[in-house]
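Accompanying notes for the structure given below.
The values are calculated or read from the model by the stated rules, or taken from the named source; none is laboratory data. These figures come from a predicted structure and were not determined experimentally. Please note: Cβ atoms are built from the backbone with ideal geometry, for glycine as well, and neighbour counts cover all protein chains shown. All accessible areas refer to the heavy atoms of the entire protein, side chains included, with ligands and DNA or RNA removed. Shrake-Rupley method; radii C 1.70, N 1.55, O 1.52, S 1.80 Å.
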Amino acid sequence: MRRLCVLSATLFIFAAPLSSVLHAQEQIGKDKTLILDHATTFSALDDGVAIEAGSIREQITALRDDVIRIRIVRSNAPQEDASWAVLPNALRSRIKVTPESSATSFGFRTHALVVQIAKSNLQLTVRDLTGKIVQQDALPVRFEGNSFRTYKIMPLDEHYFGLGDKTGPLDRRDGAFSLWNTDAYRFQESTDPIYKSIPFFMTYKAGVTTGVFLDNTWRTSFDFGKELPDVYSFGAVDGPLNYYLIYGPSTKQVLQSYAWLTGTPPLPPLWMLGFQQSRYSYIPQSRVMEVADRLRADRIPADAIYLDIDFQEKNRPFTVDRALFPDFPGMIAELKAKNFHVVAITDLHIAKLPGQNYLPYDSGIAGDHFVKNPDGSIFSGRVWPGPSVFPDFTQQQTRAWWGTLYREFHDVGVSGFWNDMNEPSVFDSPTKTMPLDVVHRIDEPGFSKRTATHAEIHDMYGMENSRATFEGLKTLDPDTRPFVLTRATYAGGQRYAATWTGDNSSTWNHLRMSTIMLENLGLSGFAFTGADVGGFIGTPPPDLLTKWLEIAAFQPIDRDHTEKGTGDQEPWVGGPDHESIRRRFIEERYRLMPYLYTLAEEASRIGLPVVRPLFLEYPDAAPDHHPIDIDSGASGEFLLGRNLLIAAPPYPDQLDRYTVEFPSESWYDYWTGEKIPQPPPVISDPAQPANAAAQVPLTISVQPELGTLPVFVHEGSILPIAPLVQSTNEQPQGPLTLRVYAGDDCHGTLYQDDGRSYAYQNGSFLRVKFDCQIGADGLHVRVSPREGSYVPWWKNLRVEVYGWKPVKNTALVNGKTSPEAAAPIANGLAITFPDDSRGVELRLE
């Protein structure tokens, strides 16, 4: 029942370290906190259990064998069972469970988990079927007024990842975080909160991963042992205590299940993966064309140019300054002819201009689309255009209206849109956002029609802004994939937009932080992410811009962007030597485009990130199965998909040698094709078998150089590589190259489609699988028959083989001797032959 209670030590029947449990007991006892520690009734449900505790009702149910939902509702604060984040089918999902109870516990079993609630104090324990604890309460749930908090035991060897693009280390352990979307201009490593609220994290212990998603749009907070040693906790200032437990045991399984729960990102247009050039702001029109022409003249591949707020008339969204851009449609058409896509900013604040023929304001007023003060008047706050009003995106009719505002930009050929300032940022407010009592009117399928204060809506407001943009663009052009870039968002926002890390700085430390932020965004559902390359705030030294462009070439979104008042930041700035290095890395990105696009399709299909921490693919890298990424030697490393390891220095401004720590035994140098030599074995006693745990791990020492970035390929990889183009609109000329890195489990995949439309949903796509095997009769490379009806650009395949040498140097294609033998290349050999789409087997002898 619900009561005031001072805890006693007898409540702690689970294996929390005694010192931290007693400390927690003393603290909560002093606070006289309302706690949920005693039940009046337990009831078995088909899909779980229900617990009555006076005015409190708790339900623990199974959505799937590996997804458990915990929901606690107080009768004095009823909450409807609805979600902005969870997909409707997942929210309704249920499975039948097997009830289990004993003298001390009440619970149930699925085919993956055992759930137990202690009858003595209602503390929850979840185990896998081997009996290992997946999650265990450290203390009963507590309520303080409208707020709540839940506490979990934090094992010494458990690590925590996620919560989106928070600053600080990759591992959240020993940190505390607040989720409240904030315009965090000039954020630093200690800044919290910043732009996004993604209340999802993963626990990782000895290679076993569990996801935790707190579906609450109010201000939430997460503490991983900072307040109470050996205890992690999470809670919110108000709203539902409603969280999901997602069991792996692998990290990939958790991510795919989280995508089942909250959605996958849509397949982006191919051009999004190209190089993008931006600044605040390219004005006037002649300057935009000057930058575009220089990119083409210097043969720096590029696909997009951005227009920041100064292209608008007096910073008013959905306008064009005709003095600065006298022929805006002509400029868009000319850029399109030169294979550039234009991305235009459209902030959500609408200039408050009554009687001035400003369509967004006039039509918004006519449709009653703006958020209101408690007295019913329209809320106004100052942003870039001056006094502004704000659409109420919690109304489906307002989102539909917002989408219509893009018609003119769409009709003249603008390709993508950038939703900035959507935390929402308000300049003349002490909180930098709307007052908490501003009123939203929820009118949304799945929700009851009701009003809600901004305190409830704030953290998902930016997501619904990007949703309105995405859905509006699809309505205007149903067969073209939209590109939307958003700064603020919430869990599930990956369904509508890509994102970036906000207003970073032109410092070496921000370059280092950007990789960690992108990794945690990827572990939070957002596969398509980037950081402002070169840094937004300040002018980067040439070396910093060069190194940043090198690393960003292997990240999902490669956008060079800087603020007003800084120096030029285009790839040619700093002289021809820097430009040459930067061009070379951007070119390599375009050669890797088939691989990048295949990763993008995988993300859209099953939710795996494009940029990955090492432990995602290599949970067994360390003998004790800890995540290798937390080692100092590997802290600068990341994976691009499964196959590529980018080994940037952990501190890129330092000139000292550093060690690359590999997560497994066999790797190749991406640039040369050479195999990384194995360290000599450790032999302590020749008469005894080698101890695998005592063997020296694969490492190399690297001397950092401005023009180089260590990149490695895992053995058994088959990478699809394209001929160089200047934009993704340009059709490659020549064969598709398959780079085969001989080794165990040798395979690869390629996905292609038209890169623009939704025709792939009706079968117009191409999927090809590759594998290779070394046998007594030579090396076999097999290319599967094509799936789908899409016809790609290549007619021939070029196979490059590394790490294997022929004996006879003969080649057979589908059992017939090839007229062309494999020719030697640096550290390998290569052969080209026709691809007739029906599948082929190449045997090299």
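Table for the structure above
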{"item": "Flag if PHE470 is more than 17 Å from ASN181 (Cα to Cα), among the aromatic types (Phe, Trp, Tyr) and open to solvent by less than 10 Å² (accessible area, probe 1.4 Å)", "result": "no"}
{"item": "Pairs, first under 11 Å from THR469 (Cβ atoms) in the range 404-420, second assigned to a loop (DSSP other than H, G, I, E, B) and open to solvent by less than 20 Å² (accessible area, probe 1.4 Å), C-beta under 6 Å, six or more apart", "result": "PHE417/THR346"}
{"item": "Subset of the range 516-536 [open to solvent by less than 10 Å² (accessible area, probe 1.4 Å) and more than 11 Å from the chain's Cα centre (by Cα)]", "result": "ALA531, ASP532, VAL533, GLY534, GLY535"}
{"item": "Filtered residues of the range 149-164 (kept if in a strand (DSSP E or B) and open to solvent by 10 Å² or more (accessible area, probe 1.4 Å))", "result": "ARG149, ILE153, GLU158, HIS159"}
{"item": "THR566 vs. criteria closer than 19 Å to TYR185 by Cα, in contact (Cβ under 8 Å) with a residue 24 or more places away in the chain, open to solvent by 20 Å² or more (accessible area, probe 1.4 Å) and out of contact with any His (no Cβ under 6 Å at 6 or more places or on another chain)", "result": "yes"}
{"item": "Only one of ARG559, ARG589, ARG582 that is out of contact with any Lys or Arg (no Cβ under 7 Å at 6 or more places or on another chain), within 23 Å of TYR751 (Cβ to Cβ), of a type in the set (D, E, K, R) and open to solvent by less than 10 Å² (accessible area, probe 1.4 Å)", "result": "ARG589"}
{"item": "VAL141 under 17 Å from ILE72 (Cα atoms), open to solvent by less than 20 Å² (accessible area, probe 1.4 Å) and modelled with pLDDT of 95 or more", "result": "yes"}
{"item": "Unique residue being among the β-branched types (Val, Ile, Thr) and open to solvent by 60 Å² or more (accessible area, probe 1.4 Å) when the list is THR125, THR40, THR110", "result": "THR40"}
{"item": "The range 772-796: number of residues that are free of Cβ contacts under 8 Å to residues at least 60 places away in the same chain and either within 29 Å of the chain's Cα centre (by Cα) or open to solvent by less than 50 Å² (accessible area, probe 1.4 Å) (or both)", "result": "8"}
{"item": "Matching residues, the range 358-384, being more than 17 Å from THR404 (Cβ to Cβ) and open to solvent by 70 Å² or more (accessible area, probe 1.4 Å)", "result": "PRO374, ASP375, ARG382, TRP384"}
{"item": "Candidate set: the range 91-104, residues that are surrounded by fewer than 20 Cβ atoms within 10 Å (Cβ to Cβ) and in contact with a Ser or Thr (Cβ under 8 Å, 6 or more places away or on another chain); chosen: the one nearest to GLY263 (Cα to Cα)", "result": "LEU91"}
{"item": "Any hit, the range 166-180, residues being closer than 21 Å to THR61 by Cα, modelled with pLDDT of 95 or more and under 22 Å from the mean Cα position of the chain (by Cα)", "result": "no"}
{"item": "Residue list for the range 421-459, restricted to those being closer than 24 Å to ASP532 by Cβ and in contact with a helix residue (DSSP H, G or I) (Cβ under 8 Å, 6 or more places away or on another chain)", "result": "ASN422, GLU423, PRO424, THR433"}
{"item": "The range 615-632: number of residues that are among the aliphatic types (A, V, I, L, M), surrounded by fewer than 23 Cβ atoms within 10 Å (Cβ to Cβ) and assigned to a helix (DSSP H, G or I)", "result": "1"}
{"item": "Lone unmet requirement of (1) modelled with pLDDT under 95; (2) closer than 22 Å to ASP238 by Cβ; (3) outside any strand (DSSP E or B) for VAL73", "result": "(3)"}
{"item": "The range 417-465, residues that are surrounded by fewer than 21 Cβ atoms within 10 Å (Cβ to Cβ), part of a loop (DSSP other than H, G, I, E, B) and acidic (Asp, Glu)", "result": "ASP428, ASP437, GLU444"}
{"item": "Where a residue in the range 802-817 is over 24 Å from THR672 (Cβ atoms) and touching a residue at least 12 places away in the same chain (Cβ under 8 Å) and its partner, wherever it lies, is surrounded by 12 or more Cβ atoms within 10 Å (Cβ to Cβ) and of a type in the set (D, E, K, R), with Cβ under 6 Å and at least six apart", "result": "LYS808/GLU845; THR810/GLU845; LEU812/ARG843; ASN814/GLU841"}
{"item": "Of all residues in the range 58-90 being open to solvent by 30 Å² or more (accessible area, probe 1.4 Å) and without any contact (Cβ under 8 Å) to a residue 40 or more places away in the chain, the one that is nearest to TYR496 (Cα to Cα)", "result": "ASN89"}
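Condition check ((1) under 35 Å from the mean Cα position of the chain (by Cα); (2) without any contact (Cβ under 8 Å) to a residue 40 or more places away in the chain; (3) open to solvent by 10 Å² or more (accessible area, probe 1.4 Å)) across all residues:
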{"site": "ASP303", "(1), (2), (3)": "yes, no, no"}
{"site": "LEU307", "(1), (2), (3)": "yes, yes, no"}
{"site": "THR319", "(1), (2), (3)": "yes, yes, yes"}
{"site": "ARG322", "(1), (2), (3)": "no, yes, yes"}
{"site": "GLU334", "(1), (2), (3)": "yes, no, yes"}
